[in-house]
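Notes to accompany the following structure.
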Amino acid sequence: MAEDTSSPMDRFCGSTFWNATETWYTNDPDFTPCFEQTALVWTPCAFYWAFVIFDFYYLKASLDRNIPWNKLNVSKALVNLGLLVITALDLIMALVKKGGDSELPLYDLDVWGPIIKFATFLLVFIFIPLNRKYGVQTTGCQFIFWFLLTVLSIPRCRTEVRLDAERQKILNSQQPSEQDFSWEEYQFVSFFIFFTFTSIMLILNCFADGMPRQTKYQRGENEIPELSASFLSRITYQWFDKMALKGYRNPLEEKDLWDLRPQDSCSEVMPIFAHHWNQNVRKNYKNKARVEPKAQFSNGNVTFENPHGEKNGRKKGMASIMPPIYKSFGGVFLFGALMKLFTDTLTFAQPQVLSLIISFVEAQEAEPEWKGILYAVLLFVLAAAQTFILGQYFHRMFIVGLRIRTALINAIYRKALRISNSTKKESTVGEIVNLMAVDAQRFMELTTYLNMIWSAPLQIGLALYFLWQQLGPSVLAGLAVMIILIPVNGVIASRIKTYQIRQMKYKDERVKLMNEVLSGIKVLKLYAWEPSFEKQVLDIRDKEIATLRSTAYLNAGTSFLWSCAPFLVSLVTFATYVLIDENNVLDATKTFVSLSLFNILRFPLTMLPMLITNLVQTQVSVNRINKFLNSEELDPNSVLHDSSKPHPMSIENGEFSWGDEITLRNINIEVKKSSLVALVGTVGSGKSSVVQAFLGEMEKLAGVVNTVGKLAYVPQQAWIQNATVRDNILFGQTYDRKRYNKVIDACALRADIDILSAGDLTEIGEKGINLSGGQKQRISLARAVYSDADLYLLDDPLSAVDAHVGKHIFEEVIGPKGMLARKSRVLVTHGVTFLPQVDSIYVMKMGEISESGTFDQLVKNKGAFADFIIQHLQEGNEEEEELNQIKRQISSTGDVPELLGTVEKAIKLARTESLSDSISVTSADSLMGRGGSLRRRTKRQDSHDSVASAASLKKKQEVEGKLIETEKSQTGGVEFAVYKHYIKSVGIFLSVATLVLNFVFQAFQIGSNLWLTQWANDQNVANDTGLRDMYLGVYGAFGFGQVFSYIGSVVIVYLGALIGTRKIFIQLFGNILHAPQAFFDIKPRARILDRLANDVYKLDVVLPELIRVFNSQVFRVLATIVVISLSTPIFLAVIVPIAFLYYFAQRFYVATSRQLMRLESVSRSPIYSHFSETVTGASTIRAYNVGDRFIEESDAKVDKNQVCKYPSVIANRWLAIRLEMVGNLIILFASLFAVLGGQTNPGLVGLSVSYALQVTQTLNWLVRMSSDIETNIVSVERIKEYGETKQEAPWELEQDKNKPKNWPQEGHVEFQNFQVRYREGLDLVLRGVSFNIKGGEKVGIVGRTGAGKSSLTLALFRIIEAAGGRISIDGVDIASMGLHMLRSRLTIIPQDPVLFSGSLRINLDPFEIKTDDEIWKALELSHLKSFVKSLAAGLNHEIAEGGENLSVGQRQLVCLARALLRKTKVLVLDEATAAVDLETDDLIQKTIRTEFKECTVLTIAHRLNTILDSDKVIVLDKGQITEFASPTELLDNPKSAFYSMAKDANLV
């Protein structure tokens, strides 16, 4: 044997390593033994050593520990031991049997082979106990290692069996053989034992290990199977089958979902992100040595540092969210990138195999058949490998996306709890919620594609390299076309971006406006202002549509560029190729390999521009989030908690501002322990601001604020959560029945709770929509009392309640004998009555403290306080008893005659007028036995005590307590009606046109490809240039046909969709505005907004894109089937079973996925509504220091949303794997039939296989699109559902036009046996009310809470429609006219003043029909003129959302101005003066008396002086009129309820 010619490997083995004749050029291929024992064994080993690092990583990352020994891991260990023994034995036997004395030489292979195997098995063996200890249940590397080892040992099986047969032949032949076969025999036995063991290991590795004993998080019944699924089950997503099946059988519900994987929950994601965020923030501060805290994770709290930093830290720049995101989630992302690299390489192997197949068909006779089969199988294996790896890649990317979203939502939430007021002013609640809803979501959509940034250029590079090999330099011509297209596309993309920003801006504007319309809907209805606001919204919407239309044309441009690019490129390339040189001839291999490479090029070229636009959008989002996260926060150190100070609450020399000019200056206040301090002053003097300063809500410019102890705060406008009454009062504390009941009685809530349908378990709507102002205020107070704090800040808690209740609450809660007697209290108040009982008084004036001291001292001073009192007394709205008290108090201080005189006068006045609405004792039973006047009243009141009414209401089941109906997520398929509705909105003609154009487009495409086949197979072209030019010309013509049909189809889809969405929105918004008030009471605002914002956005942007892609994919799949069947008709036989598989996967998937999507969107809105609630109540949350609890609630809501989101991501992957395998089967059969079917036309074979190669992607897209369309068409369904809500009566009727302009001329109002209820199925609130009011009469309406006072006014405006009887005005039945006709001819000053953001002028006169003079006149009469004059912008002064930048009193005055501008014959005053101080109250009363002298005025009264001069009084009780007469007449009748009230008040 000539040793010297051999390679090192031959010497290593002692036999040939590679023999081509034996392996390739033969009809019976086989490997050499040396190759089998080295290459085929070492490949798996090398793989394992290379990737073992992942196994180490999983050990480190595992959250669990300690898997018990079980059958599985014991058998793994034993079999592995067996392998170790066998390999060790191999080495020993080799050393014993070979080398040395024996004639068999010892080769390197005999020593190194076993050693390499032994080392690898040992490594695997070490991992068995390690995985057990660290709770790793399955490992991929080991599975792949055993799989490769088993598969690659199969050739050696065949070899060994053949050799054995030969040995037996020799032994059986009769000649005595000299040879000693013992070594070969040993190897034969040892190899088969080894093979058996590896096969067993492979099988054992298909299963996952048992459950770990210790887990960081509780693993529930419902844990996600993925955690304990084996590697095999994970890559095929077989563990998801259960859910898919369940979802297919019946619609999934929340209880069917699995728990969240611990590593995706907030508690795992947040600390990591917070840690990197804090590091990043710190980097941004130069020269600040700060201790580096780890992200603290104590009891689940994560702290974020404030990027705004202390005032002195010099700031380098904004802290961005990007670096922390890279650092927190980059690892998984890189691993994904590695997989992507792998699949990209596999993609390019496919055209190479294709060229082999084509050349095989060309040389049909010469080649052995096994090669063809090998190529077909190879193609299949490549495709399958790609499928599995891509599946894992997308899965990983989605998880990263979900985690980023979790991190961002939580960061935004935590920030929102701490932003300063100046920041809050910059953005509305809606905009902040958008950061969470839209911007954080963007990241999720981007992560999947992010790797394309490097992968696309790589793919393009590789494709060009292979193309060069086929066609040489002519590729450059094609490349040039692509390069020219890129900047064109860039230009279009940047235009699209500007349009998108514009569209987002319009969308924000529209959402903000709609949000306000919805929050003020009641006022809009009362004023009949809907058309004005509808017009404003639709104007913005039209701008939005115009922007979308421009975007649509641009989108059509880009998609045209990218769908026709591959064709143009191939046209240019082929043309250049054949025209450069006569000798260049296109043959089948060149043509189809190039075509399939061009097809590969299509994907990265399509993705790059999409990716760039996506990146740009995400960049916009990043900037918005950064701006928010970097905005200024409240300074946590503005309030000190220094317990060494003498008093628990104090401000020394304080100066404060709300972010612009100084609001408070020279503030010095001390609150002694257990004392009660009152702040008084006129509207806008800065009383509430002082309270805010104590809370640290204002910007402190100078001075020291100190509070020691736990705070409780009652804001001026109660903040009520959307939860039960009880939850609102407990506010996160444990329920202690005794204390709770005490609090409820003290706050006079008992009667109110009895009236509610489910008692204190009644759910309160958003912002407390189903409670009266007084109830909200008392609940807010009860929350403070229950919290049992040390310091109480009470911002005018008595403003919204009746005088009696106010007195009761003062005595029982706030005053010196109340529940809070031992606490330190600051009380902002408008009432004089209680002032003698407080320990000290601070009088505010123009943002300064003008004087302070006890009541007596201030009276003696004769300063601002004395004026305040005189002013207050002149209105005469106090009870005599109280006045006497004040009189005693004042006279005891001596020498103040003018004050005493005023008091005497007031007492006289009170005697004559006192008939307060003492019927409206809000909670008679809770007031029993306190104060003489009440005790006397009890005898009479037993007859209709509210206890009775409560009993009659008999606690109806809990069910009734639900006000907000839970959002239904529809189940089952989307009905065809929904599609029909959408197609109708788009228009039948356009819908058909798209389909036709798409069909034409595919026809042209197939035509051009078949023409190419013809060209490639035509032998004469080589010699005939004329023929060649003809081929080229026709090919070009086909191309232009494609271009035009394509552009047409795209433009039509987009424009059609816009026509549709415009119609749908107008109808939806119109219907919502036309919905009766009850609709808004039971639907939370966030949910209606979600329809108007999110669902409409889907129709605007998402659906058209989906429909376009769906259409083109459907036709492409059909085209593929047609082409493959043309080349190999037998393929049609396979298509049927494959179609079945496909159909089943698709049905299972769509049913499950759709339900998951629905559940996900239902679980998403609570995140946002909880968030917007938090933003509104931030100051209360901070005051009570319960931020952490709210953060936990938010985290829980995010986690719950992930619970629904994660399975839908998996469902996608589950489907993708199955579908792509179906596609891979198509590839397998197309290529197998091409090879075996005796097809001799290489062109057709090339065509059919290159089409088949594309089919997987197309099929995948197709199902994805069809299910996406189903999930998004749900938006049409949801909108359609709201579009079909019950409407209120028509706004305008024909017969209204006949009514005179100035109707009603008299203002004569008559109720005839009138009955009304709030909603179907509820009890009547007015039961047969009849009375008659003549034109110009002034009528007061009194009655306790719930007696039906407000219902009366609502019925007058037909906000609630009659259930019986009628109301007529000037003899016309109001039910017979259009609502606007009616509402615009009545005027109301509503209970809570609602303002809209926009100019002051729009707020007064939205239809812009009044002149400036009229407006100024109204402002003058409503005492706002001087205020408005002082504003820089005057009438164009921008009012903030909800009128936040005016005080409550000023807002009330604006409402008065509105009434003055309308000046109709009938005016309704609804408890209008509750929120205003006495001075303003007085002004309002005077104005109304003078300006509405001629009108009929109905007043719902709270205070005495509001109804004393009225002509008639209506006394309501439980929805019926008990008395109706003039005040004097009632006072003359000792039996009237009115009289007894007056008597109680010592007036008669």
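General observations
- PHE1001 being of a type in the set (A, V, I, L, M, F, W, C), under 47 Å from the mean Cα position of the chain (by Cα) and either open to solvent by less than 50 Å² (accessible area, probe 1.4 Å) or more than 30 Å from VAL1096 (Cα to Cα) (or both): yes
- In this structure, LEU1395 does not satisfy being outside any loop (DSSP other than H, G, I, E, B) and open to solvent by less than 10 Å² (accessible area, probe 1.4 Å).
- Within the range 68-89, not a single residue is at pLDDT below 90, part of a helix (DSSP H, G or I), open to solvent by 20 Å² or more (accessible area, probe 1.4 Å) and not β-branched (Val, Ile, Thr).
- The range 230-250: number of residues that are among the small types (Gly, Ala, Ser) and within 19 Å of LEU1156 (Cβ to Cβ): 2
- Selection status of PHE35, surrounded by fewer than 14 Cβ atoms within 10 Å (Cβ to Cβ), among the hydrophobic types (A, V, I, L, M, F, W, C) and assigned to a helix (DSSP H, G or I): no
- Scanning the range 472-489 for residues that are open to solvent by less than 40 Å² (accessible area, probe 1.4 Å) and small (Gly, Ala, Ser) turns up GLY472, SER474, ALA477, GLY478.
- Verdict on GLY1365 being open to solvent by 40 Å² or more (accessible area, probe 1.4 Å) and more than 29 Å from LEU749 (Cα to Cα): yes
- Subset of the range 1294-1307 that is open to solvent by less than 50 Å² (accessible area, probe 1.4 Å) and in a loop (DSSP other than H, G, I, E, B) - its residue that is modelled with the highest pLDDT: GLY1307
- Among the residues making up the range 38-67, those that are of a type in the set (A, V, I, L, M, F, W, C), in a helix (DSSP H, G or I) and under 21 Å from GLN214 (Cβ atoms) are PHE56, LEU59, ALA61.
- In the range 789-808, the residues that are farther than 19 Å from LEU730 by Cα and hydrophobic (A, V, I, L, M, F, W, C): LEU798, ALA800, VAL801, ALA803, VAL805
- Of all the listed residues (ARG1451, ARG1458, ARG1401, ARG1383), the sole one being closer than 21 Å to VAL523 by Cβ, open to solvent by 30 Å² or more (accessible area, probe 1.4 Å) and in a helix (DSSP H, G or I) is ARG1401.
- The residue list VAL826, VAL813 contains one member that is touching a helix residue (DSSP H, G or I) at 6+ places or on another chain (Cβ under 6 Å) and in contact (Cβ under 8 Å) with a residue 24 or more places away in the chain, which is VAL813.
- Taking the range 974-1086 as the region of interest, the helices (runs of 4 or more DSSP H) fully inside it that hold 3 or more residues being over 30 Å from LYS535 (Cα atoms) are 988-1017, 1025-1074.
- Residue satisfying condition, being over 16 Å from the mean Cα position of the chain (by Cα), over 30 Å from VAL353 (Cα atoms) and part of a helix (DSSP H, G or I), within set PHE388, PHE380, PHE398, PHE394: PHE398
- Residue in the range 367-383 that is basic (Lys, Arg) and either in contact (Cβ under 8 Å) with a residue 24 or more places away in the chain or in contact with a Ser or Thr (Cβ under 8 Å, 6 or more places away or on another chain) (or both) present: no
- Screening GLU1160, GLU1105, GLU1173 for residues that are charged (D, E, K, R) and under 29 Å from SER1049 (Cα atoms) leaves exactly one candidate, GLU1105.
Residues are listed down the side, and each one gets a yes or a no for (1) part of a helix (DSSP H, G or I); (2) within 22 Å of ALA39 (Cβ to Cβ); (3) aliphatic (A, V, I, L, M):
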position: LEU109; (1), (2), (3): yes, yes, yes
position: LYS117; (1), (2), (3): yes, yes, no
position: PHE125; (1), (2), (3): yes, no, no
position: ILE128; (1), (2), (3): yes, no, yes
position: GLN137; (1), (2), (3): no, no, no
position: ILE144; (1), (2), (3): yes, yes, yes
position: LEU148; (1), (2), (3): yes, yes, yes
position: GLU160; (1), (2), (3): yes, yes, no
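- Within the range 1385-1411, being touching a residue at least 40 places away in the same chain (Cβ under 8 Å), touching a helix residue (DSSP H, G or I) at 6+ places or on another chain (Cβ under 8 Å) and within 28 Å of GLN1305 (Cβ to Cβ) holds for LEU1386, THR1387, ILE1388, ILE1389, PRO1390, LEU1404, ASP1405, PRO1406, PHE1407, LYS1410.
- Selection within the range 542-598 - of a type in the set (Val, Ile, Thr), over 39 Å from the mean Cα position of the chain (by Cα) and open to solvent by 10 Å² or more (accessible area, probe 1.4 Å): VAL572, THR576, ILE580, VAL585, THR589
- Exclusive hit being in contact with a helix residue (DSSP H, G or I) (Cβ under 8 Å, 6 or more places away or on another chain), assigned to a loop (DSSP other than H, G, I, E, B) and either open to solvent by less than 70 Å² (accessible area, probe 1.4 Å) or β-branched (Val, Ile, Thr) (or both), set GLY220, GLY210: GLY210
- Criterion applied to VAL1235, VAL1329 was being in contact (Cβ under 8 Å) with a residue 12 or more places away in the chain, assigned to a helix (DSSP H, G or I) and among the β-branched types (Val, Ile, Thr), and the one residue passing it is VAL1235.
- The range 188-207: number of residues that are touching a residue at least 40 places away in the same chain (Cβ under 8 Å), open to solvent by 50 Å² or more (accessible area, probe 1.4 Å) and part of a helix (DSSP H, G or I): 3
- Within the range 757-788, tally of residues that are over 33 Å from the mean Cα position of the chain (by Cα) and more than 20 Å from GLN733 (Cα to Cα): 1
- Pair list, Cβ < 6 Å and 6+ apart or interchain, from the range 701-725 residues that are within 18 Å of LEU791 (Cα to Cα) to residues that are among the small types (Gly, Ala, Ser) and assigned to a loop (DSSP other than H, G, I, E, B): VAL708/SER643; LYS710/ALA789; LEU711/ALA789; ALA712/SER787; ALA712/ALA789
- Filter result (touching a residue at least 12 places away in the same chain (Cβ under 8 Å) and closer than 30 Å to GLY1039 by Cβ) within the range 987-1004: LEU990, SER991, ALA993, THR994, LEU995, LEU997, ASN998, PHE999, VAL1000, PHE1001, GLN1002, PHE1004
- Every condition in (1) among the charged types (D, E, K, R); (2) within 35 Å of the chain's Cα centre (by Cα); (3) not in a helix (DSSP H, G or I) is met by ARG665 except one, and the failing one is (2).
- Unique match (being at pLDDT 90 or above and small (Gly, Ala, Ser)) among SER233, SER182, SER173: SER233
- Hits in the range 1371-1380 - residues which are open to solvent by less than 10 Å² (accessible area, probe 1.4 Å) and over 20 Å from LEU1073 (Cβ atoms): ILE1374
The values are calculated or read from the model by the stated rules, or taken from the named source; none is laboratory data. Since the structure is predicted, the reported quantities are computational estimates derived from the model, not experimental observations. Reconstructed Cβ throughout: ideal geometry from the backbone, glycine too, with neighbour counts over all protein chains shown. Surface areas here come from the heavy atoms of the whole protein model, side chains and all, with no ligands, DNA or RNA. Shrake-Rupley method; radii C 1.70, N 1.55, O 1.52, S 1.80 Å.
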